[in-house]
Every structure is written in structure tokens, then in C-alpha cells.
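Only one structure is covered here, and it is reproduced in the block below.
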Amino acid sequence: MSKNLSICAGVIAGLAACGGVAAAQTRVERVNSVKLMVAVDRSSPCHLSLSASIEASGMGTIWYRFLGPDGVTFDFGAEGTKELQFDPSFGAGMGAKMAHDIRGEFKVEAAMVGANGKPGPITVSNIVPAAYTCGGGTSIATSLMAAGAPAVSQEAKPAGKVTAVRLRLVPERYSGPCPGHVQLVGEITADGPGIAWYRFLAGAVSHSPEGTVKFDSAGTKTVTIQGAFNVAPQVPHASMLAVMTDSDGKHGPQNVTSGPVDYNITCAAK
């Protein structure tokens, strides 16, 4: 009897050890990178626009928070969450009002929410210096010169905006040997001149390719990337976002995102 008990105990201990190994190998998703851009909102006095690009290692819920200097109030609260279901990348935007001239810095913190409902390890974005005057609350915000130098007044100038983004796959369907090839074709429409920044949010391409395209006037521009698949993509959807940048190359106030496009890909080894 004692021998049988010893065998059972050994089996149970082995199962526990295997369970421990399995638990240790469970993948924990996290935020890989956060990129922040800040731009003057030329359509509203004393207003700035913040745009954060957040990329995670996988799906789940992301918590994020915008941080700024004293005298700044965020339009919709500085904190939020986003449920990632189709793509591990997304853009978060926030407007910021200035109560007075400000100096300091902006940044964004982001983390994956754990099973306990609390944020895990926090990833911090790049630091964007904040040095603006808003003309006593009535003028368009203007970047301050070197410390102590007077601010130069600046009138609002009309600038083009991205008004629509469309995405399609060429071919729309693929069934054949691996690797399978498909082209992601994005169409960006703007209502005036400027430089638009864009990013493909495609689950089958690991690095979310981005770039810029110049508009000399209102119209539509086409941009493309190539994707290669050894198996059907794990994420069945792709999308694309674009936003007009200002003269400093910073993102404008509003991202425009295409609707999701389904992948129709069947790829089998030769």
C-alpha cells in the first residue's frame, strides 16, 4: 500500500511540475512601443492636438494615459482603454486646452491590462517638449522661442485635412501555394495641400508599415505595400489610418481610419 501511495504521489508531483512549466510558458502580452506627436490646432484658440501610436505584442485590453504640463486640460480626460480584437496597433488622439502659456513636456504611458483588471508593466512614449503661448486665450497657440524671447504672433492659416481613407486588397482572394502574395492598396483623400502621414494596420505584416504622401491640392493619392503569407493570416482583418501633418512634421488633430477589410487567403505548402 505504501508503495502504491508513493507511486501516486510521484505521479501527482509530476503533474504539478508539468502544470508549473505550462504556467511559466503562458505568454503575457505587453505594449511594445508608444509614439507621441503634438501639433497646434489652428482651428481653435489655445488648443493643441496630441496623437499617440501604440503597438502591443498581441490582442487584449490596453490602458493608456496622456500627461502634460501644468495649465493643460485634456478634452476628454487624460486616461482611457482600448480593446484590441483585430490588430495589435491603434492610434489614440486627444485635444489639450491651454489656460495660459505653458512650458514643460508631453508624454503618454500605456500598458496591457492583466487578468486582475489592472495595468501591467508601463511603456512610456518619447518626450515631446511643450513651450507654447496662446495670446491671452484668444489667439492660435504659437511655439515659444528660446527662453526669455518674445513669442511671435501667428495668424491661422488654412491647411488641408485628410477626409477619407479607403483600403482594398489585390487580388481580393488568393488560394494557392505558399508563399501567397497580396497587395494592400490605400487611397487617401485630402481637401487641400499638405503632407499626409499614413500607417497600414495589417495583421499579416508584422511592422505596420508607414509613410508620407504629398498633396499639392485637394485630391486622392494611392499608396501600396506588398504582403507575403506562408499561412492564412492570424488576424483576419486589415485597416489603414492617415492624418495631415503640420509644417513641423507633427501629426494633425484627427486620424481618419478606413473600415476593416477581410483577408481571403488560403495558402498551402507546395
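Every read-out reported here was derived from the displayed coordinates using simple, explicitly stated rules and does not represent laboratory data. None of these values were measured; they are calculated from a predicted model. Every residue, glycine among them, receives a Cβ derived from its backbone with ideal geometry; neighbour counts consider all protein chains shown.
Shape of segment 79-129 from its Cα gyration tensor (a ≥ b ≥ c, root eigenvalues): rounded if a/c is under 1.5, otherwise prolate when a/b > b/c, or oblate?
Working: a/c = 2.40, a/b = 2.02, b/c = 1.19.
It comes out prolate by the Cα gyration axes.
Sort out for me the Cα centre separation of segment 79-144 from segment 210-225, rounded to whole Å.
27 Å
Can you list residues whose amide H is under 5 Å from Leu84's amide H, if they're 5+ apart or on another chain and H is modeled 1.01 Å from N?
Those lying under 5 Å, H to H, from Leu84 are Gly60, Thr61, Ile62.
For each pair in Lys35/Lys97; Lys97/Lys118; Lys35/Lys118; Lys82/Lys214; Lys97/Lys214, compute the distance between the two Cα atoms and list the pairs where it is over 27 Å.
Values: Lys35/Lys97 21 Å; Lys97/Lys118 29 Å; Lys35/Lys118 22 Å; Lys82/Lys214 31 Å; Lys97/Lys214 29 Å.
Flagged as over cut-off: Lys97/Lys118; Lys82/Lys214; Lys97/Lys214.
Tell me, Asp216, Asp75, Asp41 in order of fewest to most beta-carbon neighbours within 10 Å? Can you show the working numbers first?
Numbers: Asp216 9, Asp75 13, Asp41 21.
If I rank by nearby Cβ atoms, fewest first, I get Asp216, Asp75, Asp41.
Using each residue's phi in segment 74-87, evaluate 6.51 cos²θ - 1.76 cosθ + 1.60 at θ = phi - 60° and report the 3J(HN,Hα) Karplus result to the nearest Hz, with x for Gly and Pro.
7, 4, 10, x, 7, 10, x, 9, 9, 8, 8, 10, 10, 8
With a/c under 1.5 counting as rounded, go ahead and sort segment 31-143 into rounded, prolate or oblate using the C-alpha gyration tensor (a ≥ b ≥ c being the square roots of the eigenvalues; past the cut-off, prolate if a/b is larger than b/c, else oblate). All intermediate terms of the calculation are to be shown ahead of the outcome.
Working: a/c = 2.56, a/b = 2.40, b/c = 1.07.
Cα axes put segment 31-143 in the prolate bin.
Exposure proxy check: Phe200, Phe86, Phe76, Phe215 ranked by fewest other beta carbons within 10 Å? Before the final figure, lay out the partial values.
On the way: Phe200 24, Phe86 14, Phe76 10, Phe215 20.
Result, fewest neighbours first: Phe76, Phe86, Phe215, Phe200.
Taking R0 as 35 Å, what FRET efficiency do you get between Asp216 and Thr81 from their Cβ-Cβ distance, rounded to the nearest 0.05? Can you show the working numbers first?
On the way: r = 40 Å, r/R0 = 1.14.
Here the calculated transfer efficiency is 0.30.
Take Lys221, Lys161, Lys214 and order them by how many other Cβ atoms sit within 10 Å, fewest up front. Each step should come with its number before you reach the end.
Numbers: Lys221 15, Lys161 19, Lys214 10.
Sorted ascending by nearby Cβ count, the order is Lys214, Lys221, Lys161.
If amide hydrogens are placed 1.01 Å from N in the peptide plane, which non-local residues have theirs closer than 5 Å to the one on Ile195?
Here Phe215, Thr245 satisfy the definition.
For segment 22-118, state which trypsin sites (Lys or Arg not before Pro) are in a DSSP loop and have at most 16 other beta carbons lying within 10 Å of their beta carbon.
Working: sites: Arg27, Arg30, Lys35, Arg42, Arg65, Lys82, Lys97, Arg103, Lys107; in loops: Arg27, Arg30, Arg42.
Of the trypsin sites (Lys or Arg not before Pro), the ones in loops of segment 22-118 whose Cβ has at most 16 other Cβ atoms within 10 Å are Arg27.
Roughly speaking, what is the stretch gain from Ile225 to Asn32, that is 0.36 nm per residue apart minus the C-alpha to C-alpha distance, in nm to one decimal? Can you show the working numbers first?
Working: separation 193, 0.36 × 193 = 69.48 nm, distance 2.28 nm.
Length difference between fully extended and current span is 67.2 nm.
Under 5 Å between amide H atoms, partner at least 5 residues away or on a different chain: which partners does Gly95 have, H built in plane at 1.01 Å?
Leu50, Asp75, Phe76
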